[in-house]
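The values are calculated or read from the model by the stated rules, or taken from the named source; none is laboratory data. Bear in mind the structure is a predicted one, so any value in this text is a computation, not a measurement. As a convention, Cβ positions derive from the backbone with ideal geometry for all residues, glycine included, and neighbour counts pool all protein chains shown. Side chains included, ligands, DNA and RNA excluded: accessible areas come from the protein's heavy atoms. Shrake-Rupley method; radii C 1.70, N 1.55, O 1.52, S 1.80 Å.
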Amino acid sequence: MAADEILLIGEVVGVPAAVCHLHFEIVGGRLEVFVKSIAVAVAHRGVGGEIAGRLLSELHREAGSFAGENSVSVVVLMAKTNTSNLPIQRLLKRFGWEPFGPPEHDLQMWMRTISV
């Protein structure tokens, strides 16, 4: 994994249940964080987004920490989701993310800007 990437692992009772792969890049004085992938084990899906929600909370904390360490005050979080993946869309909305631009093929870009 590259130095500008991190892997967040969500655990349930000490067992990995979800993963989130992030790419960090400072562009034009702001931190851009792209969610390369996020996945939840089948056994933990459909329970109200609990494990995925914890991962998104951790993503926000990691992004804020990285921004602070690099003297950046604006963080732009980005992810592309399949337009048919309604659970992740509901979760992103719950965390303040919004769709950005028109979908490209079956993928929709989602974004959230945070000031730190």
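For this structure, a couple of remarks:
- Odd one out for Ala79, checked against (1) open to solvent by 40 Å² or more (accessible area, probe 1.4 Å); (2) more than 16 Å from Asp4 (Cα to Cα); (3) among the small types (Gly, Ala, Ser); (4) assigned to a strand (DSSP E or B): (1)
- Candidates in the range 5-36 are the residues that are open to solvent by 50 Å² or more (accessible area, probe 1.4 Å), of a type outside the set (A, V, I, L, M, F, W, C) and in contact with a Leu (Cβ under 9 Å, 6 or more places away or on another chain); of these, the one that is farthest from Val116 (Cα to Cα) is Lys36.
- Taken over the range 82-108, the criterion of being farther than 25 Å from His44 by Cβ and open to solvent by 60 Å² or more (accessible area, probe 1.4 Å) is satisfied by Glu98, Pro99, Phe100, Pro102, Pro103, Glu104, His105.
- Top-ranked residue in the range 66-76 [being among the hydrophobic types (A, V, I, L, M, F, W, C) and open to solvent by 40 Å² or more (accessible area, probe 1.4 Å); ranked as nearest to Gly10 (Cα to Cα)]: Phe66
- Cβ-Cβ under 7 Å pairs, at least 6 apart or on other chains, the range 97-116 side over 26 Å from Ala67 (Cα atoms), far side in a strand (DSSP E or B) and open to solvent by 90 Å² or more (accessible area, probe 1.4 Å): Leu107/Lys80
- Restricting Ala52, Ala63 to those that are modelled with pLDDT under 90, surrounded by 14 or more Cβ atoms within 10 Å (Cβ to Cβ), within 18 Å of Met111 (Cβ to Cβ) and touching a strand residue (DSSP E or B) at 6+ places or on another chain (Cβ under 9 Å) reduces the list to Ala52.
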